[in-house]
Amino acid sequence: MRQSFLKERGIIDPMPNHDAATRPLTVAGLFAGIGGVELGLQAAGMQTKLLCEWWEPAQAVLNHRFPDTPLHSDIQTLKTLPDVDIVTAGFPCTDLSQAGRTEGIHGKASGMIKHLFELLEDASPRWVVIENVRNMLSLDRGTAMEYLVGEFERLGYTWAYRLVDSRFTGVPQRRQRVIFVASRTEDPRTVLFADHAEERPESDYKDDAYGFYWTEGNTGLGWAKDALPTLKGGSGLGIPSSPAVWVRGAAPGRSILTPLIEDAEEMQGFPRDWTKAALEVARPGVRWKLVGNAVTVGVSEWLGRRLQSPGEYNETGELILPKGMKWPTSAWGNAADHRWDVGAGLWPEQQEYRHLLDVMNPDTAVPLSLRATSGFHKRLLKSRLRYPEEFSTALGEHSDYMQGLVSTA
């Protein structure tokens, strides 16, 4: 067994940490955002000892929601990490995401991850957790992933990652994110690869509502059945904005809607109004960026349960992943061995699903504006994208309805 192979080389401690198994694990949250990782870990029974976040609107949320947790304002001035079990780092995706600048892992924002590795030089957490966008696996031919695993291997960590879809937690948002776990003393495979579930079949989703991004229309739609597409920190121009929803069969004026920010918070697993404190220092639109940048709470809660109580891992089906190959959706490795393609699916669990219109009330949602609707519809008609003709008709009728309101105003 390869686990024995690793233990013989001192990579994984063969002696269980009984103390850590019987007490709540402690957490230091770097790049904390609005606390999606920490809230989920807290729900799994953990205690947050430190938060670090530079952006003032996010700080306002953290101060309001975690009033008893010390908040450091800038990772660049954080000299040492506290003695904690878990260090989390959902570092900025601005330079990695398709909606961002795609400058890469060494861009001005995403490059801040280097400070994590500087801090780990003199720290010994049991676990390190990183979260980021799927595009990190392929951007610049996988350079971002090569940098991350190379740094962990240099520091003597065993690492593993898995791409997961937030819908496995039951939220109606199609959101794929890379969850990366590393440790010097533990086996991260027993955290990330212990759970496997079938992806929810298409027939389980209702066909009464479809999410899409009205800021697209040329090369994509962000189309999602019975769900919102991935909530974003901003459009390609960096403008915070909501997606839209086509309510199939609804009357003109009520068929093309935008969810409320409170709906988006709930679709990320937060209590409604979680980001309201940001209004003390920022405009309302910033809340969309805060929520779009966050980690889905249910994902981090699942992760927290496994960090607290690792499961079993079956090595069957692993394939050697030579350096320089395309990064798969799940893998693990370390400095002393090969890198391995695991082949784990995007659904660790299949929790009870909440349908889109069970979260978003179509009676109180705001109609998409005339300008946004007509602009999107024009781009869509000129594109080569495939879409239901019924959807195009609904967009046209909505535009006519909104134009009538403007004409009679």
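Could you grab me the full set of residues in the range 20-59 that are charged (D, E, K, R), more than 18 Å from S124 (Cβ to Cβ) and more than 19 Å from the chain's Cα centre (by Cα)? Before the answer, list the steps.
So the first thing to find is which residues in the range 20-59 are charged (D, E, K, R), and the list is 23, 38, 49, 53, 56.
The next check asks that each one be more than 18 Å from S124 (Cβ to Cβ); those that pass are 38, 53, 56.
E56 - this is the single residue of the range 20-59 that is charged (D, E, K, R), more than 18 Å from S124 (Cβ to Cβ) and more than 19 Å from the chain's Cα centre (by Cα).
Can you tell me how many residues in the range 236-287 are out of contact with any strand residue (DSSP E or B) (no Cβ under 8 Å at 6 or more places or on another chain) and within 22 Å of E38 (Cα to Cα)?
18
Can you name the strands (runs of 3 or more DSSP E) wholly within the range 172-289 that have at least 1 residues being more than 28 Å from S374 (Cβ to Cβ) and not charged (D, E, K, R)?
Fully inside the range 172-289 and qualifying: 176-183.
Taking R200, is it crowded, with 22+ Cβ neighbours inside 10 Å and either closer than 21 Å to A344 by Cα or not assigned by TED's automatic domain parsing to the domain that holds A365 (or both)? Talk me through it step by step, then tell me what you get.
Values: crowded, with 22+ Cβ neighbours inside 10 Å: no; either closer than 21 Å to A344 by Cα or not assigned by TED's automatic domain parsing to the domain that holds A365 (or both): yes.
For R200, the condition - crowded, with 22+ Cβ neighbours inside 10 Å and either closer than 21 Å to A344 by Cα or not assigned by TED's automatic domain parsing to the domain that holds A365 (or both) - is not met.
List the number of the failed condition for I261; all other conditions in (1) within 30 Å of T88 (Cβ to Cβ); (2) more than 18 Å from the chain's Cα centre (by Cα) hold.
(2)
When you check K378 against the structure, is it of a type in the set (K, R) and either in the same structural domain as T169 (by TED's automatic domain parsing) or in contact with a Cys (Cβ under 9 Å, 6 or more places away or on another chain) (or both), yes or no?
No, not satisfied.
Please state which one of V366, V406 is among the β-branched types (V, I, T), under 19 Å from W214 (Cα atoms) and loosely packed, with under 13 Cβ neighbours inside 10 Å.
When all the criteria are applied, what remains is V366.
Take T258 and decide whether it is polar (S, T, N, Q) and modelled with pLDDT under 95. Full working, then the answer.
Values: polar (S, T, N, Q): yes; modelled with pLDDT under 95: no.
Taking the combined requirement at face value, the residue does not satisfy it.
Residue under question is L192, and the condition is that it be under 23 Å from P367 (Cα atoms) and aliphatic (A, V, I, L, M); does it hold?
no
Looking at (1) at pLDDT below 95; (2) in the same structural domain as S183 (by TED's automatic domain parsing), which is the one condition that is false for W302?
In the conditions (1) at pLDDT below 95; (2) in the same structural domain as S183 (by TED's automatic domain parsing), W302 misses (1) alone.
Check A335, A278, A264, A372 and return the single one that is in the same structural domain as A251 (by TED's automatic domain parsing) and either surrounded by 20 or more Cβ atoms within 10 Å (Cβ to Cβ) or under 26 Å from R126 (Cα atoms) (or both).
A264
In the range 22-72, how many residues are on the phi > 0 side of the Ramachandran plot and assigned to a helix (DSSP H, G or I)? Full working, then the answer.
Just the residues of the range 22-72 that are on the phi > 0 side of the Ramachandran plot, to begin with: 31, 33, 35, 45.
Within this subset, residues satisfying the condition of being assigned to a helix (DSSP H, G or I) are none.
Within the range 22-72, residues that are on the phi > 0 side of the Ramachandran plot and assigned to a helix (DSSP H, G or I) number 0.
The values are calculated or read from the model by the stated rules, or taken from the named source; none is laboratory data. Since we're looking at a predicted model, the values are computed, not measured. Every residue, glycine as well, gets a Cβ built from its backbone with ideal geometry; the counts of neighbours run over all protein chains shown.
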